[in-house]
Amino acid sequence: NAGVMQNPRHLVRRRGQEARLRCSPMKGHSHVYWYRQLPEEGLKFMVYLQKENIIDESGMPKERFSAEFPKEGPSILRIQQVVRGDSAAYFCATTGMIGYEQYFGPGTRLTVT
Amino acid sequence: AQSVTQLDSHVSVSEGTPVLLRCNYSSSYSPSLFWYVQHPNKGLQLLLKYTSAATLVKGINGFEAEFKKSETSFHLTKPSAHMSDAAEYFCVVSTGGGGADGLTFGKGTHLIIQP
């Protein structure tokens, strides 16, 4: 999995709270993709970032969701004022060195109560 | 634009029998194609990939897939199923762009292995 780390692995939030999900690709990998997986469905693209830049956020909901990948530290997916519909597994991925495959982290499973 | 259709949401086979998971794709450009496997509550693992080299691609754990351009298909097969193969399998297409055009996932096929 190219050493892609995500934390926390499980996150429980009450409605209205903020959720922060972290993704650390292996050193030297500067591209991060975030995906959301709803139950019984495939992954849906949310946002693509390179260090300090958002390249494509066409899959992000217009409100409450934001993402960043600072020069130092992990990429952060932030969900403000969570609602029950935000409950899902969130995966981040980085690109392989050859071809267009992506390597995924273990995911963060967000539960909103 | 690109899309992926996994023709079966669930496939059930007996241990030791062949596995066939079907996938059709649509792409405006020459695609790269992938199969990923996801075990319960785990991340996604790359099984194999096709990137315009040999049309028959061998992956890990005895899986292979054949790219058939005329049929726009990329079906996943394994000669003999093992209990540990029980998982969710995703067919994925890419035309190499970043972002939303990067990877497009099928809805997944849940593979059940009967003892």
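Does any residue in region B:42-53 that is without any contact (Cβ under 8 Å) to a residue 24 or more places away in the chain and facing chain A (nearest Cβ under 9 Å) come within less than 8 Å, Cβ to Cβ, of a residue that is assigned to a strand (DSSP E or B) and among the aliphatic types (A, V, I, L, M) six or more places away or on a different chain, and which pairs are these?
Pairs found: B:Q45/B:V37; B:K49/B:L33; B:K49/B:V57.
May I ask you to list the residues in region B:20-39 that are in contact with a Cys (Cβ under 9 Å, 6 or more places away or on another chain) and of a type in the set (A, V, I, L, M)?
Within region B:20-39, B:L21, B:L33 meet the criteria.
Please work out which one of (1) of a type in the set (S, T, N, Q); (2) free of Cβ contacts under 8 Å to residues at least 12 places away in the same chain; (3) within 15 Å of B:S9 (Cα to Cα) is the condition B:N24 fails and give its number.
B:N24 satisfies every listed condition except (2).
Out of (1) in a loop (DSSP other than H, G, I, E, B); (2) over 17 Å from A:R36 (Cα atoms), the odd one out for B:L76 is which?
B:L76 satisfies every listed condition except (1).
Please determine, by comparing only the residues of region B:27-41 that are touching a residue at least 12 places away in the same chain (Cβ under 8 Å) and more than 22 Å from B:K58 (Cα to Cα), which one is surrounded by the fewest Cβ atoms within 10 Å (Cβ to Cβ).
Within region B:27-41, the match that is surrounded by the fewest Cβ atoms within 10 Å (Cβ to Cβ) is B:P40.
For region B:10-38: of the residues being out of contact with any Asp or Glu (no Cβ under 8 Å at 6 or more places or on another chain) and part of a loop (DSSP other than H, G, I, E, B), which is nearest to the other protein chains (Cβ to nearest Cβ)?
Only one residue tops the list, namely B:P31.
Where a number appears in this text, it was derived from the coordinates with a stated rule and is not lab data. Only a predicted model underlies this, so the values are computations on that prediction, with no experimental measurement involved. Positions of Cβ are generated from backbone atoms using ideal geometry, with glycine treated the same way; all protein chains shown enter the neighbour counts.
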